[in-house]
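S.K.: What follows is a single structure, and I will ask about it in a moment.
The values are calculated or read from the model by the stated rules, or taken from the named source; none is laboratory data. Just so it is clear, the model here is predicted, and its values are computed rather than measured. All Cβ positions, even for glycine, are placed from backbone atoms using ideal geometry, and neighbour counts span all protein chains on display. Accessible surface is based on the protein model in full, side chains and every heavy atom, while ligands, DNA and RNA are left aside. Shrake-Rupley method; radii C 1.70, N 1.55, O 1.52, S 1.80 Å.
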Amino acid sequence: MKRTFERTAIYIACIWQLVTGSITLFFYSYHLKAEGDNMTNLSPLESASVHSVFSNLYTFTITYGLFFIVLAIVNCLLTRSTVKDQSIQFKMPTFWLILAVIYYFLSDFISVFLFLAAGIIAFSKNKPTKNYFDLQTD
């Protein structure tokens with residue numbers, strides 16, 4: 001069976017993750033940093049603590065954005081190299097379902113939907129593909 005739906009769903013998810021990761025990395029993180037720097041009329045102790053909080057938020061936001069970008073690139077490369085037509089897939093759909101659970105906890109519901117759809121469709125195509133190969137060998 002052709003695996004075009006799975007590949008297309010994962011490529012769309014990769015593009016979505018690249019966009020959201022880039023927005024988080026380049027725009028939202030610098031917005032947080034600027035908000036921390038714009039605090040005025042604070043005592044030196046308050047200024048140091050606010051700077052520390054916003055510095056930690058900035059670091060977390062950079063890490064979060066990079067996480068999305070790296071996973072998008074890894075998924076795109078793995079999908080391109082392993083998901084072929086007329087093949088039985090077990091590892092990649094399992095990986096996609098695990099990622100769907102991770103993205104559920106990260107509240108990225110578009111990625112959850114795309115990864116769940118690709119994983120479930122890939123598993124459902126395994127049975128007809130296996131039966132096709134069994135008929136060819138008989």
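S.K.: Ranked highest first by the average count of other Cβ atoms within 10 Å around their residues, in what order do 99-105, 83-89, 36-42 fall?
M.R.: Packing proxy ranking, top to bottom: 99-105, 83-89, 36-42.
S.K.: Here's a follow-up. For Arg7, Arg80, give me the order by solvent-accessible area with a 1.4 Å probe, most accessible first, ignoring ligands, DNA and RNA.
M.R.: Result of the area sort, largest leading: Arg80, Arg7.
S.K.: Based on the Kirkwood radius over alpha-carbon pairs, what is the Stokes-Einstein translational diffusion coefficient of the stretch 33-91 at 20 °C with 1.002 mPa s viscosity, in µm²/s?
M.R.: 144
S.K.: Quick one: length gained pulling Asn41 to Leu66 fully straight, 0.36 nm per residue minus the C-alpha distance?
M.R.: On the way: separation 25, 0.36 × 25 = 9.00 nm, distance 3.39 nm.
Extra length from Asn41 to Leu66 when fully extended: 5.6 nm.
S.K.: Between His51 and Lys33, what is the label-point separation in nm under the 7 Å Cα-to-beta-carbon projection?
M.R.: My value for the distance between the label points is 1.5 nm.
S.K.: Same structure, new question: Could you sort Leu78, Leu71, Leu66 by accessible area so the largest value comes first, with the probe set to 1.4 Å?
M.R.: Listed by decreasing accessible area, they come as Leu66, Leu78, Leu71.
S.K.: At 7 Å along the Cα-to-beta-carbon direction for both Ile88 and Ser124, put a label point, then send me their distance in nm to one decimal.
M.R.: Using points 7 Å along Cα→Cβ, the separation is 2.0 nm.
S.K.: Over the Cα atoms of the stretch 6-138, each weighted equally, I'd like the Debye log10 I(q)/I(0) at q = 0.12, 0.21 Å⁻¹, rounded to two decimals.
M.R.: Calculated log10 I(q)/I(0) at the listed q: -0.59, -1.12.
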